[in-house]
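K.L.:
Could you have a look at this structure, given as structure tokens, before my questions?
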Amino acid sequence: MRFQYDHDLHIHSGLSLCSKDPEQNKENILRYAEEKGLHTICITDHFWDEKVDVERIPWYFNQNYPHISQILPLPKSDKVRYLFGCETELSKDMVLGLSKERYDLFDFIVVPTTHLRCEPLTISKEEGASAVRRGQLWSERLDAVLSMDLPFHKVGIAHLLCGLMANPDELLQTMQNISLLEAERLFKKAANFGVGIEINADDVKHFEDETKEISLKIYQIAKESGCKFYLGSDAHHLRDFETCDERFAKAIDLLDLTEEDKYFGY
Ligand SMILES: [Zn+2]
Ligand SMILES: [Zn+2]
């Protein structure tokens, strides 16, 4: 059976600093899910645990637990399972913004490894200036996360091809510097741990731009390595949900995904 768009595990609310949209609230997000017939959604606001040295990453100073947990309790619905998660961060020195004692508070944890244009938080100025280095960091950062002691059954790796990987004119060069052999090794490890790999609505546009060959290849390697996939709109505003049908359908078709390829760790 073809992979169904029946869930969305990466959604920001107005509590994320880069949304701040009062319309992007828990009730409106639930309405989107009910209208689309989704059975599971997850709120994943940007989060840096205040129990982890927050000086490392000042952008996240207010994206702490007291802040993101203001969304609780989530409304109940007969049709939709409404999960509470977070999108944490990996600093440039490979520290994750999530302490062990908080693992149990989240139903699902999105870990981004590709926020590579956020100097000097996730990458040094010097490394950020080099497409070769950013390509290497794609693997090194994924490797660092997969070497941590995390509750992997409820961890998802966000946007493999994030727009924050490089400036648009350097995106192709950055992707071309990703070692596909290393990608295969890491995806096999991720598959073994039961980690979910995200199909991010925004990433799907790369399947049609000048990077399409390498973009698709990376996801195909993940599939061939046995990884399971989940869908993430990464919506920051209600309008972001509008393009999801088309984008997810494209990714599902191009990758020829079936229900067998679906991540069910949440
Ligand atoms: Zn992200
Ligand atoms: Zn996000």
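K.L.:
Looking only at the stretch 186-235, which residues are away from ligand 2 (no atom under 16 Å from the Cβ), within 16 Å of residue 113 (Cα to Cα), assigned to a helix (DSSP H, G or I) and not hydroxyl-bearing (Ser, Thr, Tyr)?
P.N.:
Listed by number, the residues that qualify are 186, 187, 189, 190, 218, 222.
K.L.:
Quick one: in the stretch 204-229, of everything that is charged (D, E, K, R) and touching a strand residue (DSSP E or B) at 6+ places or on another chain (Cβ under 9 Å), which residue is nearest to residue 152 (Cα to Cα)?
P.N.:
228
K.L.:
Residue by residue through the stretch 98-136, note down the ones that are of a type outside the set (Asp, Glu), in contact with a helix residue (DSSP H, G or I) (Cβ under 9 Å, 6 or more places away or on another chain) and closer than 25 Å to residue 263 by Cα.
P.N.:
Scanning the stretch 98-136 gives 102, 103, 105, 106, 108, 109, 111, 112, 113, 114, 115.
K.L.:
Among the residues of the stretch 64-79, is any touching a residue at least 12 places away in the same chain (Cβ under 8 Å), out of contact with any strand residue (DSSP E or B) (no Cβ under 9 Å at 6 or more places or on another chain) and either acidic (Asp, Glu) or open to solvent by less than 10 Å² (accessible area, probe 1.4 Å) (or both)?
P.N.:
no
K.L.:
What pairs come up if the first residue lies in the stretch 146-168 and is open to solvent by 30 Å² or more (accessible area, probe 1.4 Å), the second is at pLDDT 95 or above and polar (S, T, N, Q), and their beta carbons are under 7 Å apart, counting only those six or more places apart or on different chains?
P.N.:
164/114
K.L.:
Could you tell me which of the residues 87, 126 is touching a strand residue (DSSP E or B) at 6+ places or on another chain (Cβ under 9 Å) and either open to solvent by 40 Å² or more (accessible area, probe 1.4 Å) or charged (D, E, K, R) (or both)?
P.N.:
From the options 87, 126, the qualifying one is 87.
K.L.:
Tell me yes or no: at least one residue of the stretch 137-148 is within 16 Å of ligand 1 (Cβ to nearest atom), modelled with pLDDT under 95, under 21 Å from residue 261 (Cα atoms) and not charged (D, E, K, R).
P.N.:
For the stretch 137-148, residues within 16 Å of ligand 1 (Cβ to nearest atom), modelled with pLDDT under 95, under 21 Å from residue 261 (Cα atoms) and not charged (D, E, K, R): absent.
K.L.:
Could I ask something else about it? Scan the stretch 4-17 and tell me whether some residue there is away from ligand 2 (no atom under 16 Å from the Cβ) and open to solvent by 30 Å² or more (accessible area, probe 1.4 Å).
P.N.:
yes
K.L.:
Look at the stretch 93-106 and say how many of its residues are more than 16 Å from ligand 2 (Cβ to nearest atom) and not β-branched (Val, Ile, Thr).
P.N.:
Of the residues in the stretch 93-106, 9 are more than 16 Å from ligand 2 (Cβ to nearest atom) and not β-branched (Val, Ile, Thr).
The values are calculated or read from the model by the stated rules, or taken from the named source; none is laboratory data. In this text, all values refer to a predicted model and were calculated from it rather than measured experimentally. Methodologically, a virtual Cβ is constructed for each residue, glycine included, from the backbone with ideal geometry; neighbour enumeration extends over all protein chains shown. For accessibility, only protein heavy atoms count, side chains too; no ligands or nucleic acids. Shrake-Rupley method; radii C 1.70, N 1.55, O 1.52, S 1.80 Å.
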